[in-house]
Amino acid sequence: MHLQEPTHAPRVLQFTVKVGALNKNKRLYHCSASLPNNTEMTLKPFSYSWDLEYNQLKRGEHFLPKTLQGKLPNNYFFSNYTTNMRNCSQRATEIQLYLNHIFLQNGVLTGAQYHKSLGLTEISNYLQTIASEQEKEFEQLFYVSQHFFEHEEANVPILRFRKSMQFTIDWRNDWQMDILIFGPNSKPWFKISKVDVSGARVKECRLVLKTMSDDTLISMEKDHSEFAASFIVKRFDKLGKANEWYKMSKVSSHYGKSLSVSPMDQSCTPITHKGNWNSPLSAFADTNGNTINVTKQSLLHSQKICVSLPEQSDVILYLALTVLAETLSPGSRV
């Protein structure tokens, strides 16, 4: 069977936002949406401009399920975001980031009520056509993600894509069921299982990252050789042998607690973790100049953790490291 990743990236909307005029003492933001050219797509390039109020974003979120909602720009009740141009420029940047993030999700592109709330009724049908195109391409990418290890020639198969990708981890501390990792089409691509490996004297478990068909890709096991809390990431070769890949540990210093990522093999690229557990923003950076951004949004009984991967990133590794960063955070029950 021939495993083929699409040679072109699914086209995504690109938004730009600038500070607009005042309308009845409310600040407007001038937004532009465009679709880049791609000769392999059936849709022609287009651009559309409209004016938007900040409160429209808040009202629009009510038309999206929790799994699709993004991180809205902060409200800043006690700051002037009407006539203070510095604040307005900051909000314009935040709105641009929000729109470029939220419209990556297929469910947002098909949400007619959400489009209406943002003032995009005129192009709602066009957005739904974009969603249909993207869905076909993401189905191909999903197939690759579930079978890459069967066809990869390398001894230790690695999943990489020729385009940037975004995954969302539906994190729940109760571990009553597997933790799902949703792909860019808002459907589950991977899952994390907690496996009980307790012995007679020690209550123990390990975490396993699997495909949706239960094929094991990575195992994350506690390292008892050090006093500090740490996990060893193991991935499997084609013969099923587990190879130690990286170790993630808690590190305490006079600056506070942080995370350390250490290669366990000379072939592994050095990686650093930036950020702390209390921050909604963190990142992994490697010595090749790649940065993998992680954002967290707290919901009522869970957290939504978004992982943005640049092209050619080791998808499975960084998903595993993101899971471990949350596992080692205060309050984790693993």
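Ranking VAL108, CYS205, VAL323 by Cα position along the charge dipole of the chain, where only Lys, Arg, Asp and Glu carry charges on their C-beta atoms, puts VAL108 farthest toward the positive end.
Rolling a 1.4 Å probe over the heavy atoms of the protein chains gives the chain an accessible area of 52 Å² per residue. This model, with +1 at the C-beta of Lys and Arg and -1 at the C-beta of Asp and Glu, gives the chain a dipole about its Cα centre of some 1280 debye. Cα-based radius of gyration for the range 77-224, normalised by 2.2 N^0.38 Å, reads 1.43. In nm, give the distance between the simple-model label positions of GLN166 and LYS250, each being 7 Å from the Cα along the Cα-to-Cβ direction. With each label point 7 Å from Cα toward Cβ, the separation is 3.2 nm.
Computed 3J(HN,Hα) for the range 76-90, one whole-Hz value per residue from the Karplus formula 6.51 cos²θ - 1.76 cosθ + 1.60 where θ = phi - 60°, is 6, 4, 9, 10, 8, 10, 10, 10, 7, 5, 5, 5, 5, 5, 4, glycine and proline marked x.
How much length is gained on full extension from ASN23 to ASP196, taking 0.36 nm per residue of separation minus their Cα-Cα distance?
56.3 nm
Residues whose amide H comes within less than 5 Å of that of TRP189, counting only those at least five positions distant or on another chain, are ILE181, PHE182, GLY183 (H built at 1.01 Å from N in the peptide plane).
Tell me the carbon and sulfur percent of the accessible area for the range 98-182, rounded to whole percent, probe radius 1.4 Å. Here it works out to 49 percent.
Which FRET efficiency value, to the nearest 0.05, do you get for HIS62 and GLN266 by plugging their Cβ-Cβ distance into 1/(1 + (r/R0)^6) with R0 = 41 Å? Computed FRET efficiency for HIS62 and GLN266 comes out at 0.20. Report note on the peptides 155-166, 78-89: ranked by the mean count of other C-beta atoms within 10 Å, highest first, their order is 155-166, 78-89. The fraction of all Cα pairs in the chain landing in successive 20 Å bins from 0 to the largest distance is 28, 54, 17, 1, given as whole percents. Sequence neighbours fewer than 8 away in the same chain don't count; with that in mind, list the lysines whose C-alpha is under 23 Å from LYS234. LYS234 reaches LYS191, LYS194, LYS203, LYS210, LYS222, LYS247, LYS250, LYS274.
The values are calculated or read from the model by the stated rules, or taken from the named source; none is laboratory data. Just so it is clear, the structure is predicted and the values come from calculations on it, not from any experiment. Cβ: placed from backbone, ideal geometry, glycine included. Neighbour counts: every protein chain shown. The area values use the complete protein model at the heavy-atom level, side chains included, leaving out ligands, DNA and RNA. Shrake-Rupley method; radii C 1.70, N 1.55, O 1.52, S 1.80 Å.
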